[in-house]
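See structure below.
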Amino acid sequence: MAADLPALAALVREAPGLRAKRDLDLLARLPSDPALDGDDAAAIAHRDGHLLLCGEAIAPALLAADPYAAGAAAVATNVADIRAMGGRPLALVDTLVSPDRAHAERVLDGLAWAAGLLGVPVAGGHLTIGGHPPALSAFCTGTATKLLRARDACPGDVLLAAFCLEGRFRPGPPPLFTSLRDRAPAQLRDDGEALAEVAEGGLCHAARDVSMPGVAGSLLQMLELTDGCGATLDLDALPCPRDVALEQWLVTFPSFGFLLAAPPARAAAAAEGFTRRGLDCRPCGAFDETGVLRLAAGGATADVWDLAADPLTRPRG
């Protein structure tokens, strides 16, 4: 059956995970420093490379519905942000507010489980129990010798999508696809090394992790960081689990999913860094000069978002 591209474009535009990003325009109130670097994580020049710092606040709905999964997500999301910069995670700290000890135990058990799987120690944090609504945030540090900056994607680059398709789908909200229970810990830790490998080998120069907005929404966020890039996402080529419908997959948050920009001559070598680890990585589009995100399938296209006409996270008007 042919994809209904206008309907899928509307689905991406209206996805709660993407609409929530609109409020990031508030960050323009903070002072900017041209000496600072980074996007998925802050990058601070240090010795011959960079220190990386990032943080994530976990969705309150997930924290209330599944405290254990929320704890695991606090680790996985931070590790993904470090990896998306071409980095290696070092350690993580968390801040947790729980209504009672039982809730806190479930969250901390989830944190400990995911941290053990991904090889990232929980170095400390803060805990408050009772008297307040539950809240969870976590923060990670890492290092990188060569950065993958989302803003460095260029017109003419090949769009690569890399996913682990071994896992299980959870419809949500939010819709999740996790591989943490389906791959050995050693594999999970080595999967992220593919990002550092393509960065250090000069095979890719830009990346973004696929997060709450799903693959198309995360690509839109990546485009907004560039100097006017647009992109076409080819749904016919997009890696997708066999038991997840395309309309679900487009707005799903995977535990391992990344978008990368590679020069055409290096795209095959970049993809091989993922595929030889048992991951799925394919060319699924290209970057262009339009500033527009488009979906493509069956020889047809549909516009999703024109960033020049309507910025996503930058101040409007």
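Of all the listed residues (Ala265, Ala296), the sole one being among the hydrophobic types (A, V, I, L, M, F, W, C), farther than 15 Å from Asp157 by Cα and modelled with pLDDT of 95 or more is Ala296. For region 291-317, filtered to residues that are within 23 Å of the chain's Cα centre (by Cα) and more than 20 Å from Asp39 (Cβ to Cβ), the residue that is most open to solvent (accessible area, probe 1.4 Å) is Asp303.
Scanning region 152-187 for residues that are under 30 Å from Gly228 (Cα atoms) and assigned to a strand (DSSP E or B) returns Val158, Leu159, Leu160, Ala161, Ala162, Phe163. Could you tell me whether Val75 is closer than 23 Å to Leu136 by Cβ and within 12 Å of the chain's Cα centre (by Cα)? No: the conditions fail for Val75. Beta carbons closer than 9 Å, at least 6 apart along the sequence or on distinct chains, pair a first residue in region 280-306 that is over 16 Å from Cys204 (Cα atoms) with a second that is open to solvent by 60 Å² or more (accessible area, probe 1.4 Å) and of a type in the set (Ser, Thr, Tyr) for Arg294/Thr301; Leu295/Thr301; Asp306/Thr290. Within region 50-91, being over 23 Å from Leu24 (Cβ atoms), in a strand (DSSP E or B) and open to solvent by less than 30 Å² (accessible area, probe 1.4 Å) holds for Pro89, Ala91. The residues of region 8-22 that are of a type in the set (A, V, I, L, M, F, W, C), touching a residue at least 60 places away in the same chain (Cβ under 8 Å) and not in a loop (DSSP other than H, G, I, E, B), listed by number, are Leu8, Ala9, Leu11, Val12, Leu18, Ala20. Cβ-Cβ contacts under 7 Å between residues 6 or more apart (or on different chains), taken from a first residue in region 226-237 that is more than 12 Å from Gly291 (Cβ to Cβ) to a second residue that is hydrophobic (A, V, I, L, M, F, W, C) and at pLDDT below 95, are listed as Leu235/Ala3. For region 261-290, the set of residues classified as among the charged types (D, E, K, R), within 20 Å of Ser218 (Cα to Cα) and over 20 Å from the mean Cα position of the chain (by Cα) consists of Asp288, Glu289, listed by residue number. The residue of region 264-279 that is least open to solvent (accessible area, probe 1.4 Å), among those that are among the small types (Gly, Ala, Ser) and free of Cβ contacts under 8 Å to residues at least 12 places away in the same chain, is Ala268. Of the strands (runs of 3 or more DSSP E) lying entirely inside region 199-266, none contains at least 3 residues that are on the phi > 0 side of the Ramachandran plot. For first residues located in region 55-70 and within 13 Å of Pro175 (Cα to Cα), partners that are open to solvent by 40 Å² or more (accessible area, probe 1.4 Å) and lie 6+ apart or on another chain with Cβ distances below 7 Å form the pairs Ala61/Pro173. In summary, Leu147 fulfils each of the numbered conditions (1) assigned to a loop (DSSP other than H, G, I, E, B); (2) open to solvent by 50 Å² or more (accessible area, probe 1.4 Å); (3) modelled with pLDDT of 95 or more with the single exception of condition (2).
The values are calculated or read from the model by the stated rules, or taken from the named source; none is laboratory data. Predicted model, so just to flag it, every value in this text is computed and none were measured. Using ideal geometry, Cβ is built from the backbone for each residue, glycine included, and neighbour counts are taken over all protein chains shown. What goes into the accessible areas is simple: the full protein's heavy atoms, side chains included, and nothing from ligands, DNA or RNA. Shrake-Rupley method; radii C 1.70, N 1.55, O 1.52, S 1.80 Å.
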